[in-house]
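Chemist: Below are the structure tokens for one structure; questions will follow.
The values are calculated or read from the model by the stated rules, or taken from the named source; none is laboratory data. What you see is a predicted model; the values in this text were computed from it and never measured. Here Cβ is always computed from backbone atoms with ideal geometry, including for glycine, and neighbour counts include all displayed protein chains. SASA here: full protein model, heavy atoms, side chains in, ligands and nucleic acids out. Shrake-Rupley method; radii C 1.70, N 1.55, O 1.52, S 1.80 Å.
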Amino acid sequence: MASKALLRDTGVSGGLLSHVQFEVVPAKGALRKVLRNLSPESRISISCSPTNGIAPTLRLHKRLTGKGYRPIPHVTARAIKSREHLREVMDALADTDTRGIMALGGDPDPPWGPYDSSFALLREIADMGRRFEFVGIAGYPQTHPVVPDDSLMQALTDKQPYATHVVTQMCFDARATLDWAARIRDKGVSLPIFIGIPSPMNALRLLELARTCGVSDARRFLKSKLGMVGQFLRPSYTPDKLLSKLNSPKNGRDLGFAGVHVFTFNQVEQARLWADPLLERMAQPAGAR
């Protein structure tokens, strides 16, 4: 797969290529795809439906936990209906000995309950006395479709005491991502960063998904690459060039990249095949890398 070339070209032994985690959608067939393609030792996160809320996330989380996996559920603030609902969610996660969560603001507008941001959600969870080994929060190197950049920066600063790492939106522009990482470091945000990348897939399909996710730079990137030729050849997109640029020693400054977060869109087999060289490398003893 292409990522073998990525490993060879960058020659790094850690950082961005040291961890790979896969995000799946709690839709029909997701359990089967995970069981067929990812081992229980894999790092897996489960997204939260903007229309159906957290219930499907919790169901898939429980089923995977029952199979020996330790998935990370997404908890979206705007999909929590009340403090009691949040307590029920926390109780359900405690029942499955959940080690960590991904805390997000979410899409419902207006919110379904009293929490309009992940910061409000995290404060409430802390007030309840709930603790997790790790808590991910979102980062937006290529802007948010609604929230201004200044507000996003302030939110990262506010949430840092409650979090252990940042997971970015889907990234396509290496320069924009590097500049953003440098800015948040200069602002005092020191959390490790997982770079969000789409699973390798048909580029036109990715363009469609990017449109629904509000990633405007993804639309510009793919439109510039495809043109009319792409309408007929239907090329595929892989994140290898992006990761090579992000991992280049020419960047100089260590920006604290901790790994990659693969948005699989439930194309789990494709994502795993692409990541296999990275996974094999991580399984080797440190001296053999």
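Chemist: Can you find a residue that is under 21 Å from the mean Cα position of the chain (by Cα), over 27 Å from TRP274 (Cα atoms) and of a type outside the set (D, E, K, R) anywhere in region 14-31?
Modeler: Of region 14-31, the ones under 21 Å from the mean Cα position of the chain (by Cα) are 14-31.
Imposing the further condition that a residue be over 27 Å from TRP274 (Cα atoms) reduces the set to none.
Looking for residues that are under 21 Å from the mean Cα position of the chain (by Cα), over 27 Å from TRP274 (Cα atoms) and of a type outside the set (D, E, K, R), one finds none in region 14-31, hence no.
Chemist: Give the residues of region 56-91 that are open to solvent by 20 Å² or more (accessible area, probe 1.4 Å), part of a helix (DSSP H, G or I) and touching a strand residue (DSSP E or B) at 6+ places or on another chain (Cβ under 9 Å), sorted by residue number.
Modeler: Of everything in region 56-91, those that are open to solvent by 20 Å² or more (accessible area, probe 1.4 Å), part of a helix (DSSP H, G or I) and touching a strand residue (DSSP E or B) at 6+ places or on another chain (Cβ under 9 Å) turn out to be LEU58, ARG78.
Chemist: Scanning region 175-211 for residues that are open to solvent by less than 40 Å² (accessible area, probe 1.4 Å), at pLDDT 75 or above and assigned to a helix (DSSP H, G or I), which turns out farthest from HIS165 (Cα to Cα)?
Modeler: ALA176
Chemist: Which one is most open to solvent (accessible area, probe 1.4 Å) among residues in region 92-103 that are over 18 Å from ASP127 (Cβ atoms) and free of Cβ contacts under 8 Å to residues at least 60 places away in the same chain? Write out each step before concluding.
Modeler: To start, the set of residues in region 92-103 that are over 18 Å from ASP127 (Cβ atoms) comprises 92, 95-100, 102.
If we keep only those that are free of Cβ contacts under 8 Å to residues at least 60 places away in the same chain too, we end up with 92, 95-99.
Numbers: ALA92: 38, ASP95: 134, THR96: 25, ASP97: 102, THR98: 20, ARG99: 96 Å².
My answer is ASP95.
Chemist: Does at least one position in region 242-258 carry a residue that is open to solvent by less than 20 Å² (accessible area, probe 1.4 Å), over 18 Å from GLY139 (Cβ atoms), among the aliphatic types (A, V, I, L, M) and in contact with a helix residue (DSSP H, G or I) (Cβ under 9 Å, 6 or more places away or on another chain)?
Modeler: No, region 242-258 contains no residue that is open to solvent by less than 20 Å² (accessible area, probe 1.4 Å), over 18 Å from GLY139 (Cβ atoms), among the aliphatic types (A, V, I, L, M) and in contact with a helix residue (DSSP H, G or I) (Cβ under 9 Å, 6 or more places away or on another chain).
Chemist: Working only within region 25-42, note down all residues that are modelled with pLDDT under 95 and either assigned to a strand (DSSP E or B) or open to solvent by 70 Å² or more (accessible area, probe 1.4 Å) (or both).
Modeler: Of everything in region 25-42, those that are modelled with pLDDT under 95 and either assigned to a strand (DSSP E or B) or open to solvent by 70 Å² or more (accessible area, probe 1.4 Å) (or both) turn out to be LYS28, GLU41.
Chemist: Within region 161-174, track down each residue that is under 17 Å from the mean Cα position of the chain (by Cα) and part of a helix (DSSP H, G or I). Before you say what the answer is, go through the steps one by one.
Modeler: To start, the set of residues in region 161-174 that are under 17 Å from the mean Cα position of the chain (by Cα) comprises 163-174.
Once the filter is applied, which keeps residues that are under 17 Å from the mean Cα position of the chain (by Cα) and part of a helix (DSSP H, G or I), region 161-174 yields only ALA174.
Chemist: Consider LYS159 carefully, then state whether it is in contact with a strand residue (DSSP E or B) (Cβ under 9 Å, 6 or more places away or on another chain) and basic (Lys, Arg). Break it down stepwise before answering.
Modeler: On the way: in contact with a strand residue (DSSP E or B) (Cβ under 9 Å, 6 or more places away or on another chain): yes; basic (Lys, Arg): yes.
So LYS159 fits the description; yes.
Chemist: Which of the residues that make up region 249-272 are among the basic types (Lys, Arg) and free of Cβ contacts under 8 Å to residues at least 12 places away in the same chain?
Modeler: From region 249-272, those among the basic types (Lys, Arg) are 250, 253, 272; that's our starting set.
Residue satisfying the conditions is LYS250 alone.
Chemist: Residues of region 122-160 being part of a loop (DSSP other than H, G, I, E, B) and either on the phi > 0 side of the Ramachandran plot or open to solvent by 60 Å² or more (accessible area, probe 1.4 Å) (or both), which ones? Step through it out loud before you land on a result.
Modeler: In the first step, residues of region 122-160 are kept if they are part of a loop (DSSP other than H, G, I, E, B); the result is 128-133, 140-148.
Scanning region 122-160 gives GLY129, ARG131, GLU133, TYR140, THR143, PRO145, VAL146, PRO148.
Chemist: Can you list residue pairs whose Cβ atoms sit under 8 Å apart, with the first residue in region 145-161 being at pLDDT 90 or above and the second being open to solvent by 80 Å² or more (accessible area, probe 1.4 Å) and of a type outside the set (Lys, Arg)? Count only pairs 6 or more apart in sequence or on different chains.
Modeler: GLN160/SER190
Chemist: Does region 266-285 include one or more residues that are in a helix (DSSP H, G or I), at pLDDT below 70, open to solvent by less than 30 Å² (accessible area, probe 1.4 Å) and of a type in the set (Gly, Ala, Ser)? Quick ask: steps written out before the conclusion?
Modeler: Applying the first criterion (in a helix (DSSP H, G or I)) to region 266-285 yields 268-283.
So of that shortlist, the ones also at pLDDT below 70 come out as 281-283.
After this cut, where a residue has to be open to solvent by less than 30 Å² (accessible area, probe 1.4 Å) as well, the list is 281.
Those still in the list that are of a type in the set (Gly, Ala, Ser) too: none.
No, region 266-285 has no match at all.
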